[in-house]
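Since the structure comes first, as structure tokens, the remarks are kept for the end.
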Amino acid sequence: TQTIMTLFAQLDRDIRFETVRVNLDATTEKPALVVTLKDRALPSSYFRMAFTYQSTYSRHFVNGMAITPAVIIRGIPFKYSRLTVDAEAFDSPGVTIQFSQPFFDLLSITLYYSVYTDLDTWVVRASPDYLELSSAATAGLGISFYTWTGGEASLGCSYDRTPDDDYTGVISGSAVDDAFCLHAGLDLDTTNSPILPRFGFQNKIDLLYSLSVTDSQRAFAAVSIAGGAFMPMGDAVSVGLSWLGGTDLSPQGDCAWAAPLHYKPRLDDRMLFPGLLTQAERIGSHVFGTGLSIQYILNASTTTRNLPISALAEVSAGSSCQNADDFVLTSDRIHLTGCAGLGMRINDAFGVMVRAGATRNTASEWLPFFAIDLGSFGH
């Protein structure tokens, strides 16, 4: 039954199909499930809008909001060609232009160009305590292979232009203005929804290697992993285990082949760490985090369960190390988070979540916080 539900959820989210029907054929000697798919009549072009808002109230006030309108043009020059223009506003203004062409439902080739600025502000008594400002422009080519249900393997390359950032307490390799990077990734997602998933498995591995060619200034590498496993325990309760990690493969955070600051691994997952973490607690040469969550659907037995309202309880732990020698984990290198709250999934693209709890930082302080997330926060 769980396998059927997972398959149905994947087909239901596939934009190629307008309807998905599952029927039991009992006319044969061995009854069989019959899946009927109706192809969607793809529009030549359409408009979409995404919205994300996140804020944390504690000793500091951290706020972020993004509105991303997009225009998608299909069928030029071929039937399944797609040109997408995304324009993000407010805290991370930028533009992304992407052209994709699928082949035989097995792979897709994508050309893209993106330019953006990312601003992160911590406010104390109505005045900024510090600002994090970064920007980048990148152009690239990617090839995605759809090899199994919910899975994708990818290869690609990009040419990046990044500034010389400097964050307090973060050790990094010498800055580069230009980098030619090779990319590889492996992505698996069988969860029932990206927002407050109740069952399924997800894991994403990304590898980056910068070559010292043409205008690219030096070689460096980085590996990251993120995922989760979610298991229902009856009709109303589900348990989730999430993880996050990364390394730039350097013994010292500022050695000759250490990654520049822009490419350092980060603990930026608000599902695991909604509380306040400084730059050095979030960014490092080697990072890891894990968390356990329990979700109880309050309206599981009512007719409104298609809009699940859940009570949430979460605990997580993580660390960011600037040098490999720092990976001897002691209490002053690990930060902890515990929280509880409520969440509601309206659809796969919009949800609401409020949480309250406390974060123990690496200075052994417990800081209470209140966090709000709206929109497509699971994407």
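The values are calculated or read from the model by the stated rules, or taken from the named source; none is laboratory data. Quantities reported herein were computed from a predicted structural model and do not represent experimental measurements. For neighbour counting, all protein chains shown are included, and Cβ atoms are generated from backbone atoms with ideal geometry for every residue, glycine included. Note: areas computed on protein heavy atoms with side chains; ligands, DNA, RNA excluded. Shrake-Rupley method; radii C 1.70, N 1.55, O 1.52, S 1.80 Å.
Within 10 Å, count the other beta carbons around each residue, average over each peptide in 67-79, 188-200, and list them highest first. Intermediate results must be reported in sequence, preceding the final value.
Values: 67-79: 13.7, 188-200: 21.1.
Listed from highest to lowest mean packing, they are 188-200, 67-79.
The alpha carbon centroids of region 246-287 and region 334-379 are separated by 20 Å.
Over the chain, the Kirkwood radius and the radius of gyration, each from Cα atoms, give a ratio Rg/Rh of 0.98.
The residues Asp178, Asp235, Asp348, sorted by heavy-atom accessible surface at 1.4 Å with ligands and nucleic acids left out, run Asp235, Asp348, Asp178 from largest to smallest. Net length available on complete extension from Glu365 to Asp177 is 63.9 nm, with 0.36 nm assigned per residue and the Cα-Cα distance removed. Across all Cα pairs in region 267-379, the calculated P(r) in 10 Å bins from zero up to the longest distance comes to 14, 40, 28, 14, 4, 0 percent per bin.
Among rounded, prolate and oblate, which fits region 145-221 when a ≥ b ≥ c are the square roots of the eigenvalues of its C-alpha gyration tensor, a/c under 1.5 means rounded, and a/b larger than b/c means prolate? Mind dumping the intermediate values first?
Values: a/c = 3.74, a/b = 1.81, b/c = 2.07.
The shape class here is oblate.
Over all directions, the average projected area of the alpha-carbon convex hull for region 238-305 comes to how many nm²? So the Cα hull casts an average projection of 6.3 nm². If I compute solvent accessible area with a 1.4 Å probe over the protein chains, what percent of it on the chain is carbon and sulfur? Carbon plus sulfur share of accessible area: 63 percent.
May I ask you to give the solvent-accessible area per residue for the chain, in square angstrom, as obtained with a 1.4 angstrom probe?
On the way: 19660 Å² over 379 residues.
Result: 52 Å² per residue.
Between Met231 and Met65, the simple label model (points 7 Å from Cα in the Cβ direction) yields a spacing of 4.1 nm. For Asp268, the accessible area of its heavy atoms, probed at 1.4 Å with every protein chain present, is near 90 square angstrom.
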